[in-house]
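The values are calculated or read from the model by the stated rules, or taken from the named source; none is laboratory data. Worth saying up front: this structure is predicted, and the values here are computed from it rather than measured. Neighbour counts run over all protein chains shown; Cβ positions are idealised from the backbone, glycine included. What goes into the accessible areas is simple: the full protein's heavy atoms, side chains included, and nothing from ligands, DNA or RNA. Shrake-Rupley method; radii C 1.70, N 1.55, O 1.52, S 1.80 Å.
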Amino acid sequence: LESIFHEKKQSHDPHHNRNSKWEGIEHTAFLKLLQCLGLEHYYPKRMSRANFHLINKISVYNTKPSSERELPLYFLQKLQVLDYGLRYLVFRNDENTQNQVYPGASNQENEAFDSYEDLFEDSDTNPSDTNPRPHIHPMDVQMAILHCADDFARQYIFSKFSICQFALPLLIPNPCSSQIEFSLWSLSQIRRSWQEARKSPREEKINCKNKQMCHVSTPIVSFIRVGNGFSASKSQIMNCLLSKRKHDVFFHRHCRGSTKDCLLMEGVVEICWFCPGGDDEDRFDNCVTFTNLHGDAKEHKKQLTFLQEVSSLIVVLMSTSDDNEENRKIVRDLRQSPRPLICLFDNKENNMTSKSKQTVIIGLRNRNEAELTEELATAIRHLLELWENALSLEDCILIARKQGFLIDGDQGDCKEAKEKAEVLIALLRELNISQVKENLLPLQGHLWHRWCKKDKELYHLREKGNRSIEQHKSEIETEKQRIRNQQLTRAFPLNELMQSVLEILQNHSETPPTHYFLQWLMWSLIQTEKQKAPKSTDLQRWQKEIEAISTEISDCTLGIEQLLREVGQIYEALEEASPTKNTLYLSLPQIAADLMISGVPIELMDGDASYVPLKWVAALFDKVSEKLGNKRLFVLSVLGLQSSGKSTLLNALFGLQFTVSAGRCTRGAYMQLLKVEETFTEELGFDFVLVVDTEGLRAPELSNKSKNRDNELATFVIGLGNLTLINIFGENPSEMQDILQIVVQAFMRMKQVKISPSCLFIHQNVGEVTAKDQTMEGRRRLEQRLDEMAAIAAEQEQCSDVTRFVCSLWDGNPPMAPPNPRYSHNVQDLKRRILMAAKQELRGSIMKISDVKLRVQDL
């Protein structure tokens, strides 16, 4: 430990290589756009994830942008709540719009409207009067934000775009240079689920997959345009193909807010994946990657060459009447290539026969859209069978480098962090993953669980037998001390894994290198876990032994939280067993405090032991308070049944990144710190929001000890939060009864100790919530049930409540369904209600950081 702390490096400046805020902005139109949007200070790549999590007035007051400078704020707010309307966000000056539509409305001084011919006469009006500067194109807002976003902010934006079923930028030209960026790092967090079709009706096996898309090898179908001025829209054709016109995966000319003046989409190559749902109606049986080159292909030769090399099939939109020699050469080269080709002729009505089996020619003019789309899908399916070539994004790196593209994951900090993570993963691969915790993370296993059991016994004193209370307490304290000494013996000298992790975290705990390292490590751990976790066949063999299986899966679960949990146990063991020998260990909580301040979720309650490491958590809050000052916190917690969408809801409310993938439910409780914009703190009455996400109640794998555990968790969470979101999913009365009983019991306990928390009932996924009388009936039933529960729990004591009804997240059937816009609007309204409740009704109960620490200890 001494060597680690003495080698702490100088603080790392994330912008050390950026000399001036204007560096590189030579493109006048781009600079003007950044200034109009108020983003000039963020270029290049200076907008962090912290900017996205900031709670400001726009978070609360659901208004419309009052200027162009507000467009990025509204864009990010809509992105948080998964509102895909963000792509149609524009600011129009009302006066200009009115003059444009009604140019003569302001000076109609009894002028006679003469004749029919007046309609066709040229107007002498000054064009600048009737055609004001067009509004900023929605895609220019998106791309300007991407150019300003740092690597982690880009990942965040891409992951939200993916949930919204938007195409993602793969190749991004730099507007200030000829450099083109290949977005591998930004895309590497994207995971998608799909279900491949059964090969025969009798086949029972359903092939479900959930994968990181950068590793998935699929055929790549690329759409390009050769020439200009076509009546057909390439992006619109792709939307019909991918989502049957239900959703705009690609932004196109007929989208709301679109204009001819788009500055930043020229030369961008967007990517998306078709993910089948295992239905007969799926357009394609397997996962297919689609790319779309924006602009005329002859203007973007590097992108065209790249797509020619990686694609299994190219679809080109063109015209037979185009006499541009360069355009003709491009098409000629494509036809001579061995790869299949589909030509979409904008000026032809009928299909044409091709001499080559590898080429299909389809006419677009005056065609029925549905028939055209089906014909195109059939041609793609047929040609993909001829050219069986599948590549992943990782496979495309070599080709991207050959074209001179900048790979976003190749820059120094990111590359170095990846190498460090790979060293640790190589170390882990030497062991069976179920043995990693026992051998490399020994402090959080049975020793810590035994210590927790003894600590709980100290407060309950249920098994004292013939001993006096003092004697019993003394024996427990001695046993606890003995366990701590055993932990120290296991911990030191530090094993290679913890030595490396502590060195990296200690040297850069607030800076990009650590965040890159944690990100690479997390992905690598997930991959390792999937490779070495118990297979389904092994699990089926032990179907009756659910608890044993749960333990085995728990042993195989390895992530950043387990590493930080081990750091916490090293701290607690040193603090308890040898507090005076060396004080260097006091720096350990600073590591977690720095991560928490920078927006990383930190474990509050150990989900495996179902216990809070109090000394570690108290020290963590002390370090946060030292760094930020003893600021005011509004604590928002959430409670609900397992897999009821709690983490998803919190992520949508505040743009957080709690784990939400299927089958990896939250265990224990995690906390994340969100800053309130300084100009807004006085109005709200607090400086930060502390969001606490919890494991689900009534977990089937914990059925034998679930009831007591659930009651303890509910008491802890409700007592800690100024406001607790009680998340009810669906309309199953028995599930509601379960959770209401637990909640009311917890509220009764809080009343006894003079804590007055509030709760907000979130009723998710209700069938139809538009009819007012139905909503009121649902509310009445809920209140009635609450009264019944309260009567059972505390002799007719009442529990006041507020109820919100929230519809389902998905608009249609996943995997290709976008989020339901009504869900996004409900979430925005819920966020406003939460912050308004905090501002008005709960102002007197707001705690400071030191108070939260004491509350955790008391609970």
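Scanning the range 490-507 for residues that are among the hydrophobic types (A, V, I, L, M, F, W, C) and under 32 Å from the mean Cα position of the chain (by Cα) yields Leu497, Met498, Val501, Leu502, Ile504, Leu505. Scanning the range 288-320 for residues that are assigned to a loop (DSSP other than H, G, I, E, B) and open to solvent by less than 10 Å² (accessible area, probe 1.4 Å) returns Ser311, Ser312.
Residue under question is Arg401, and the condition is that it be touching a strand residue (DSSP E or B) at 6+ places or on another chain (Cβ under 9 Å) and either open to solvent by 80 Å² or more (accessible area, probe 1.4 Å) or more than 30 Å from Trp520 (Cα to Cα) (or both); does it hold? Criteria met by Arg401.
Within the range 481-509, residues that are outside any helix (DSSP H, G or I) and open to solvent by less than 60 Å² (accessible area, probe 1.4 Å) reach partners that are at pLDDT 90 or above and not charged (D, E, K, R) with beta carbons closer than 6 Å, at six or more positions or on different chains, in the pairs Ser509/Ile591.
Under 6 Å between Cβ atoms, at least 6 apart or on separate chains: pull out the pairs that start in the range 814-827 with a residue that is under 14 Å from Val249 (Cβ atoms) and in contact (Cβ under 8 Å) with a residue 24 or more places away in the chain and end on any residue that is of a type in the set (S, T, N, Q) and surrounded by 21 or more Cβ atoms within 10 Å (Cβ to Cβ). What qualifies is Pro818/Gln165.
The set of residues in the range 14-42 that are open to solvent by 70 Å² or more (accessible area, probe 1.4 Å), at pLDDT below 85 and either of a type in the set (A, V, I, L, M, F, W, C) or more than 18 Å from Ser177 (Cα to Cα) (or both) comprises His15, His16, Trp22. Tallying residues that are touching a helix residue (DSSP H, G or I) at 6+ places or on another chain (Cβ under 6 Å) and crowded, with 23+ Cβ neighbours inside 10 Å within the range 157-167 yields 1.
Is there a residue in the range 382-389 that is in the same structural domain as Asn351 (by the TED database), farther than 24 Å from Glu181 by Cβ and open to solvent by less than 10 Å² (accessible area, probe 1.4 Å)? Taking every residue of the range 382-389 in turn, at least one turns out to be in the same structural domain as Asn351 (by the TED database), farther than 24 Å from Glu181 by Cβ and open to solvent by less than 10 Å² (accessible area, probe 1.4 Å).
Quick one: which of Leu119, Leu146, Leu170 is among the hydrophobic types (A, V, I, L, M, F, W, C), at pLDDT 55 or above and open to solvent by 10 Å² or more (accessible area, probe 1.4 Å)? Break it down into steps so the answer makes sense when it comes.
Working: Leu146 fails: open to solvent by 10 Å² or more (accessible area, probe 1.4 Å); Leu170 fails: open to solvent by 10 Å² or more (accessible area, probe 1.4 Å).
Step by step, each of Leu119, Leu146, Leu170 is checked, and only Leu119 is among the hydrophobic types (A, V, I, L, M, F, W, C), at pLDDT 55 or above and open to solvent by 10 Å² or more (accessible area, probe 1.4 Å).
Right, Asp323: open to solvent by less than 50 Å² (accessible area, probe 1.4 Å) and among the charged types (D, E, K, R) or not? It is false that Asp323 is open to solvent by less than 50 Å² (accessible area, probe 1.4 Å) and among the charged types (D, E, K, R).
Checked against the criteria, Phe251 does not count as touching a Cys at 6+ places or on another chain (Cβ under 6 Å), open to solvent by less than 20 Å² (accessible area, probe 1.4 Å) and either assigned by the TED database to the domain that holds Arg87 or in contact (Cβ under 8 Å) with a residue 60 or more places away in the chain (or both).
Looking at this structure, is His446 without any contact (Cβ under 8 Å) to a residue 12 or more places away in the chain and open to solvent by less than 10 Å² (accessible area, probe 1.4 Å)?
Values: without any contact (Cβ under 8 Å) to a residue 12 or more places away in the chain: yes; open to solvent by less than 10 Å² (accessible area, probe 1.4 Å): no.
So His446 does not fit the description; no.
Inspection of the range 757-776 identifies at least one residue that is small (Gly, Ala, Ser), open to solvent by 10 Å² or more (accessible area, probe 1.4 Å), in the same structural domain as Gln741 (by the TED database) and modelled with pLDDT of 70 or more. Hey, can you tell me all the residues within the range 379-390 that are modelled with pLDDT of 95 or more and farther than 14 Å from Gln358 by Cα? Selection gives nothing. Inspect all residues belonging to the range 334-357 and state whether any of them is part of a helix (DSSP H, G or I) and either at pLDDT below 90 or open to solvent by 50 Å² or more (accessible area, probe 1.4 Å) (or both). Yes, the range 334-357 contains at least one residue that is part of a helix (DSSP H, G or I) and either at pLDDT below 90 or open to solvent by 50 Å² or more (accessible area, probe 1.4 Å) (or both).
Scanning the range 264-282 for residues that are modelled with pLDDT of 90 or more and either under 13 Å from Val216 (Cα atoms) or open to solvent by 10 Å² or more (accessible area, probe 1.4 Å) (or both) gives Leu264, Met265, Glu266, Cys272, Trp273, Phe274, Cys275.
The strands (runs of 3 or more DSSP E) falling completely within the range 583-683 that include 3 or more residues that are open to solvent by 10 Å² or more (accessible area, probe 1.4 Å) and at pLDDT 90 or above map to 669-675. A Cβ distance below 9 Å, combined with a sequence gap of six or more or placement on separate chains, defines the contacts here; from the range 59-85, residues that are assigned by the TED database to the domain that holds Ala652 reach no residue that is hydroxyl-bearing (Ser, Thr, Tyr). When the test is whether a residue is polar (S, T, N, Q), part of a helix (DSSP H, G or I) and at pLDDT below 75, Gln562 does not pass it.
Mind listing whichever residues of the range 715-741 are assigned to a helix (DSSP H, G or I) and modelled with pLDDT of 85 or more? Break it down into steps so the answer makes sense when it comes.
As a first pass, look at the range 715-741 and keep what is assigned to a helix (DSSP H, G or I): 715-720, 733-741.
Selection gives Thr715, Phe716, Val717, Ile718, Gly719, Leu720.
Restricted to helices (runs of 4 or more DSSP H) entirely inside the range 358-436, those with at least 1 residues that are touching a residue at least 60 places away in the same chain (Cβ under 8 Å), in contact with an Asp or Glu (Cβ under 8 Å, 6 or more places away or on another chain) and farther than 29 Å from Asp282 by Cβ are 397-402, 412-429.
Here the range 182-210 is the region considered, the condition is being modelled with pLDDT of 90 or more and among the basic types (Lys, Arg), and the residue that is surrounded by the fewest Cβ atoms within 10 Å (Cβ to Cβ) is Arg191. One residue alone among Ser258, Ser243, Ser233, Ser222 is among the small types (Gly, Ala, Ser), in the same structural domain as Asp333 (by the TED database) and at pLDDT 95 or above, and that residue is Ser222.
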